[in-house]
Structure formats: C-alpha cells, structure tokens
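Here is the structure we will look at, set down as structure tokens.
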Amino acid sequence: MFKYLIRRVLYIIVAFFVVSLVTFFLMKAAPGSFLQLNQYVGNIAAAATSMGLDNVVAQELAQEYHLHDPWYVQYWYYVWHFITFHMGYSFEFPNTDTMTLIRQTFPLSLGLAVTSIAVAMVLSIVFGTLAAVRENSWIDGSTMFVAMIGTAVPSYVVAVFLMLVFGVWFHLLPVLGYQGPQYFILPVLSLAIPMMGSMSRYMRNSLIESLHSEYIITVFAKGGSLWQAAFGHAMRNSLLPFVTVVGPHLAALMMGTVFIEQLFGLPGLAHVFTDAASTRDYPLIMDSTLLYSLVIMVMNLIVDLIYGVLDPRIRRSRYVQ
Amino acid sequence: MSAVLRIDDLRVQFRSDQGLVHAVNGLNLELPAGGAIAIVGESGSGKSTAMTALMRLLPRTARVSGRIWFDGQDLLALSERQMRKLRGHQVSMVFQNPMAYLNPTKTIGQQLMEPLLYHHLATPRQARWRALEFLERVGIADAESRFKGYPFEFSGGMLQRVMIAMALMAGPKLLIADEPTTALDVTVQAEILALLKELQAEHGMGMILVTHDLAVAAQMADEIYVMYAGLVVEHLPAGSLMSAHAHPYLHGLLRSIPRIDGPREKLPFIAGNPVNPVGALPQGCLFASRCSQRRPECNQRPPTVRLDNNHEVVCWLPDIGVEGDKSGPFDVPTVGPAGTRL
C-alpha cells in the first residue's frame with residue numbers, strides 16, 4: 001500500500017508537469033501578444049495606453065517576463081515560480097499577486113466542491129441502499145425515477161429551479177453572494193443533485209449485485225437478517241464499484257462549480273478563473289489551471305486510497321504481489 | 001430412536017418463463033437424532049434444492065409444499081422471524097465452495113463470531129474466545145493470527161475448515177453439508193470428511209450430507225437416500241449399498257464407478273438424459289425412459305416397496321439385485337457397455 005502511494009504521488013508529479021507544459025504552449029499559441037497593450041482591457045494596459053507609454057511599459061514587461069529568452073527558459077521560470085509560490089502579479093489586479101488572489105478565493109471553491117461531493121455520496125448511499133434492499137418495490141421505483149430525472153437535468157437548471165422555489169417563492173434561503181453557511185445550501189444542492197442521480201443508481205445496482213452473492217446466503221444461513229446482510233456484508237463490497245464512479249464525477253464537478261459560482265455570485269476561484277480567461281490575464285489563467293488540475297489529481301488519489309481502506313485485497317497486496 | 005428431522009412429501013416448484021420447473025417432487029426422509037444420512041444424486045436431481053428449502057433460503061419464485069418436522073415444529077409453517085432464530089443456531093449449513101461463500105472483505109474472525117452475535121448468545125469478547133477455540137479444534141494452526149486474516153489469505157481446505165467451525169459455533173442440532181468437498185483437492189477432501197465425522201460424533205448432532213459421490217456417502221452416513229428427478233428412488237442402510245441395492249438406477253450408478261484394479265475398459269454409463277423438469281412430468285416411473293428393465297407397468301407411477309428395515313425402493317420390480325430378478329438371471333443389461341443403448 002505504501003509503495004502504491006509513492007507510485008501514485010510520482011504519477012501526479014509527472015502529470016502535473018505535462019499539464020503545465022500544455023497550458024504553457026496553449027498560452028503561447030493563442031493569437032496576439034500581450035506586449036501589444038492596446039489590444040488589452042487590463043488595468044495596466046489601459047493606464048499605459050492612455051498615457052502614451054505603451055512602448056516603455058511593453059519593454060519593461062518583456063524584461064520582467066523574460067520574453068526575450070528561449071521558450072524552455074521561460075517555461076522553467078514559470079514552473080519554478082509556481083513551485084516556490086512566487087506566482088507573479090495579475091494583469092487585472094496589479095497590486096495583488098496571484099497567490100493572494102487564489103488564497104482569497106480558493107477555499108470557498110474547494111469547500112463548495114468537497115461539500116457537494118460529500119452530500120452527493122452520503123445521500124446516494126442512503127437512497128441507493130433503500131432502493132436495493134426493497135428491490136422492485138414502490139420505494140425502489142420512485143427513488144430510481146427521481147434519480148433518472150436528476151441525471152438528465154444539468155446543475156445550472158437545477159440551480160435556477162432551486163433559486164425559484166426556495167429564494168423567490170418561499171424566501172427561505174439566500175440566492176446571491178456569500179455571507180455565511182446558509183448561502184452555501186442551494187449551490188451545494190445544485191451541484192449534488194445531478195451527481196446523485198447517476199451515483200444512487202450505481203449504488204443500488206452494485207448493492208443488489210452484492211446481495212445476490214453467495215456469501216450473503218451464508219449470512220442468512222448464520223441467522224442474519226436482511227439489514228445485517230446489507231449493512232454488515234454487502235455494503236462494503238458494493239462501495240468499491242461505487243467509489244469508482246465518483247472519480248470521473250470530480251472533473252465534471254470542477255466544471256460545475258464554474259457555472260454555479262457565477263449563478264450564485266459566489267466569490268470563488270471559478271469566478272476569478274473565468275474572468276482571467278476573458279481578459280487574458282495570463283498569470284492568473286496559468287496558475288488557476290495548474291491549481292485545478294492539482295486538485296482533481298489529489299481528489300482522485302484520495303478516491304484510490306479509499307479503495308485500499310475498503311478492500312483488504314488491495315490494502316494487503318504486498319503479501320500477494 | 002426419535003427423529004430429529006422428518007420430511008414429508010416435500011415438493012418444490014419454480015415459476016419460469018418456460019413453465020413450471022419441478023425441482024423436488026415428493027421427498028420423504030427421516031434423520032434419527034445423532035445420526036448421519038447422505039443424499040446422493042446427479043446434478044439437477046433436487047438434492048441441494050431440498051436442503052435449501054429446509055433452510056428456507058430459496059428465492060421467492062419457489063413454491064414449496066409438504067412438511068418439514070424439526071424439533072417438534074413444522075419449519076415450513078414458521079414465520080420468517082422464527083426461522084431466522086433457528087438458522088445458524090439449531091440448524092447450520094456448510095456450502096460447496098468456501099471461497100465464494102465467505103465475504104472477501106471481512107476477516108475470518110469477524111465472520112466466525114457472527115452466529116453467536118446474531119443470536120445474542122455471547123458478548124463479542126466471549127464470541128472471540130470461542131471462535132479461537134473452534135479454529136484450533138478444526139485444525140487451524142496459529143489461530144490467534146489467522147483470526148485476523150482475510151479469506152484470500154487461506155487455502156480452499158483451510159476455508160472449508162473455517163466454514164465448518166462457523167457452522168458449529170452455536171452448537172446446532174442439525175448440520176447440513178452441501179457437497180462440502182466437491183471444490184477441494186482429493187487429499188484435502190479426506191481430511192475434511194474425517195473432521196466432519198469426528199465433530200458430528202463429538203457434538204452428537206444430526207448430519208445430512210449432500211453428495212454425488214457414492215463412496216463418500218457410504219463412508220460418512222448410516223443411511224443413504226438416492227434421488228432421481230426430485231424423488232427418492234431408494235433408501236437403504238449404507239452397509240447394504242453394495243450387497244442389497246435394488247433400483248436399476250442405483251445399479252447403473254454403481255456399475256459406472258471405475259475400478260482402480262480392473263482392466264482399462266470403456267466405462268459403462270446410463271444411457272439417455274435425465275428427466276426434463278420443466279413443464280408436466282412424465283406419467284409413469286420417472287426413470288422408465290432410461291431403464292433397461294422397463295415393463296408395461298412402468299407406465300404407471302411405481303409403488304414404494306419396503307424390502308427391509310430402513311430399506312425402501314420405488315420400483316415395480318423391487319427385488320432386482322446384483323444376481324438377478326424374478327424373471328431370470330440378471331444379464332447385466334441396465335447399462336450398456338461402451339454406450340450401447342438398450
């Protein structure tokens with residue numbers, strides 16, 4: 001297990017460099033150069049152009065960003081600064097370095113993502129189990145019907161619907177901004193409900209499959225009840241395939257937070273990221289891309305570690321090799 | 001001796017898309033307290049289905065009728081709750097393939113303790129202690145550390161020992177062993193059978209051994225029930241298996257056992273196919289289509305003929321023996337040599 005962990009961390013490091021290279025070249029390949037400041041909407045650009053100083057500023061910027069060096073030297077500066085947390089300054093907000101911007105906004109985004117995935121997992125385990133234990137009953141039918149609707153409807157539609165019901169009609173929950181935990185409820189639900197759709201169906205099917213295994217007959221033969229068989233035995237085995245489908249959801253979840261943060265006006269990283277993309281705020285785009293990919297990779301690693309916790313055959317694999 | 005178990009006219013049918021499947025068609029048997037019986041039959045003869053019906057573990061599509069008297073009560077009339085109190089406590093079962101019948105993600109120890117914990121017979125501490133004791137009793141060395149092991153860390157024979165220990169944890173009055181050695185190596189097989197027999201005597205419990213191996217049945221049981229197409233065709237004491245068997249089917253089975261000392265010839269076998277259990281069953285004797293001794297009477301259901309103490313046969317020509325029958329010497333016709341159909 002320990003070896004496995006080391007190997008996975010090495011993979012992450014390699015993948016991280018690949019992602020950084022790809023972002024680097026995509027940015028280079030994008031049309032236009034940020035030295036042509038008059039094309040820019042950023043604050044520095046606007047100020048410099050209005051004062052007729054664009055050439056001077058451009059030279060300074062070229063100096064500062066090592067633009068006269070070959071690409072691999074530029075790439076090296078970029079990676080080195082990311083690793084040492086000297087990420088440079090945003091074009092949009094020249095007085096704050098990107099690290100500060102990220103530090104201000106990232107916790108909210110991460111919190112939103114983690115809470116949604118946790119809520120989705122817990123609820124789909126509950127509903128999936130209910131449906132599986134009462135297979136083919138009305139509970140099963142209605143739960144799975146709702147789950148199918150959840151799968152079919154994207155999160156931003158769910159969000160608008162929730163805003164309408166809880167914010168506009170019943171005035172129960174706030175729908176804009178962030179001033180406390182209650183501002184989190186609707187965004188979390190909007191992200192969790194579409195995920196719950198497919199996840200609870202998966203949980204149900206995988207639990208039903210486990211409940212039809214031979215070792216469940218043994219549990220009954222020992223005098224165990226259906227619930228003892230489901231929770232004491234089948235559950236752990238059916239969580240394995242369930243956890244597998246959580247992984248791919250993580251990437252989609254990151255996309256989802258972008259929409260949802262915009263819709264609910266949450267001051268998260270997604271907001272910063274999309275703004276940076278539309279204003280060609282290079283430092284901010286590159287850093288937040290790297291951060292996003294890092295988060296997805298780490299979350300996937302956590303999912304894989306949960307595997308080991310659930311299945312002793314993986315955990316003790318050093319015995320078997 | 002009073003019987004610990006008596007099965008009267010047990011019938012099991014399954015609904016299926018092709019029609020009604022007749023799995024068990026009127027099984028009668030009796031197990032004396034502390035005794036051992038074996039149920040022998042080919043695949044699909046209904047032996048495992050009958051035992052699963054006894055445990056009331058059949059799927060909901062099964063239709064079960066008849067009576068199963070155990071300890072003064074009819075198991076088929078009990079509520080699910082009452083039945084659950086008996087399972088693993090009064091009646092236990094050992095299954096064919098221990099690797100599949102043990103949960104891969106729980107330790108052996110956790111699974112061993114469960115019969116006691118489910119029935120609130122012991123505290124976890126006591127259960128652990130008793131589990132360790134039983135692991136040692138069934139011959140697992142270093143029980144303390146094996147207790148924390150997972151099924152994939154054990155061999156098949158070891159797992160079957162664990163299964164046996166698990167079945168005996170709560171001190172059952174009846175143990176059902178459903179082909180307990182079929183999935184194991186021959187050498188391990190003998191050890192497991194010896195262990196089962198030892199433990200049966202030690203605990204004074206009744207045992208039903210389900211097997212397709214006549215030799216194992218003769219070695220392990222006091223009485224043998226031979227099943228064919230969901231029916232018992234012959235019931236006889238284990239000691240009479242070779243000398244006094246009467247049904248043509250059993251005769252065919254015994255003839256088809258290869259001899260280790262004889263010349264290498266093609267093995268005799270019983271020609272034809274087993275009765276198709278789907279849809280209506282044939283009118284007369286169910287074995288008639290494969291039987292060389294077939295007579296006109298065989299178009300009617302054969303009677304149960306009592307030949308001796310504990311020896312009954314369901315056949316129109318009950319005194320067929322190895323030597324011959326009423327109509328003359330037995331010309332070894334039941335099974336044709338080398339596949340000749342008679």
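Just so you know, all these numbers are worked out from the coordinates, no wet-lab data involved. Please read these numbers as outputs of a predicted model, since none were measured by experiment. When we count neighbours, we look across all protein chains shown, and the Cβ atoms used for this are built from the backbone with ideal geometry, even at glycine.
For the protein assembly as shown, compute Rg over Rh where Rg is the Cα radius of gyration and Rh is the Kirkwood radius from the inverse mean 1/r over Cα pairs.
Working: Rg = 36.3 Å, Rh = 30.8 Å.
With Rg and the Kirkwood Rh in hand, the quotient comes to 1.18.
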Can you give me the Cα centroid spacing of the stretch A:242-275 and the stretch B:166-191 in angstrom?
55
If you take the beta carbon distance between A:VAL153 and A:VAL114 as r and set R0 to 35 Å, what does 1/(1 + (r/R0)^6) give as a FRET efficiency, to the nearest 0.05?
0.95
Label-point gap, in nm, between B:GLN73 and A:ILE185 - each point 7 angstrom along Cα→Cβ
5.0
PRE zone check, label point 7 Å out along Cα-to-Cβ of B:ALA215, amide N under 16 Å, scope the stretch B:248-263, hits B:253-263
Enumerate the amide H contacts of B:PHE269 below 5 Å, restricted to partners 5 or more residues apart or on another chain; note that Pro and chain-start residues carry no placed amide H.
B:GLY336, B:ALA338, B:GLY339
Give me the distance in nm between label points sitting 7 Å out from Cα along the Cα-to-Cβ direction at A:ASN136 and B:ALA201, one decimal.
4.8
Take every Cα pair under 8 Å in chain A that's 6+ residues apart, average their separations, divide by the length, and report that relative contact order as a whole percent.
24
Mean shadow area of the stretch B:1-103, taken as a quarter of the surface of its Cα convex hull (nm²):
7.7
Normalised contact order of the stretch B:1-101, rounded percent, pairs of Cα under 8 Å and 6 or more residues apart:
30
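Which of the chymotrypsin sites (Phe, Trp or Tyr not before Pro) found in the stretch B:204-296 are loop residues per DSSP with 10 or fewer other Cβ atoms within 10 Å of their Cβ?
Numbers: sites: B:TYR225, B:TYR228, B:TYR249, B:PHE269, B:PHE287; in loops: B:PHE269, B:PHE287.
For chymotrypsin sites (Phe, Trp or Tyr not before Pro) across the stretch B:204-296 that sit outside H, G, I, E and B with at most 10 neighbouring Cβ atoms in 10 Å, the list is empty.
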Just the number, please: Stokes-Einstein D of the stretch A:123-187 in µm²/s, Kirkwood Rh from C-alpha pairs, 37 °C, 0.692 mPa s.
240
Final fewest-first order of B:THR187, A:THR274 on the 10 Å Cβ neighbour count is B:THR187, A:THR274
Compactness check, the stretch A:67-183: C-alpha Rg relative to the 2.2 N^0.38 Å globular estimate gives 1.68
Return the FRET efficiency for the residue pair A:HIS171, A:LEU10: r is the Cβ-Cβ distance, R0 is 51 Å, and the value is rounded to the nearest 0.05.
0.45
Can you give me the three principal axis dimensions of chain B from its C-alpha atoms, in Å, biggest first?
68, 49, 43
Going out from 0 in 10 Å bins, what whole percent of all Cα-Cα distances in the stretch B:187-239 drops into each bin?
22, 52, 24, 2
Rounded to whole Å and ordered largest first, report the semi-axes of the equivalent ellipsoid of chain A derived from its Cα gyration tensor (root of 5λ).
46, 26, 13
Per-residue Cβ counts within 10 Å, from other chains only, averaged over A:232-243: what number is that?
2
Averaged over B:99-110, how many beta carbons belonging to a partner chain fall within 10 Å of each residue's beta carbon?
5
So which aspartates and glutamates pass the test for B:LYS47, namely a Cα distance under 19 Å, with those fewer than 8 places away in the same chain ruled out?
A:GLU214, B:ASP8, B:ASP9, B:GLU30, B:ASP178, B:GLU179, B:ASP213, B:ASP222, B:GLU223, B:GLU234, B:GLU312
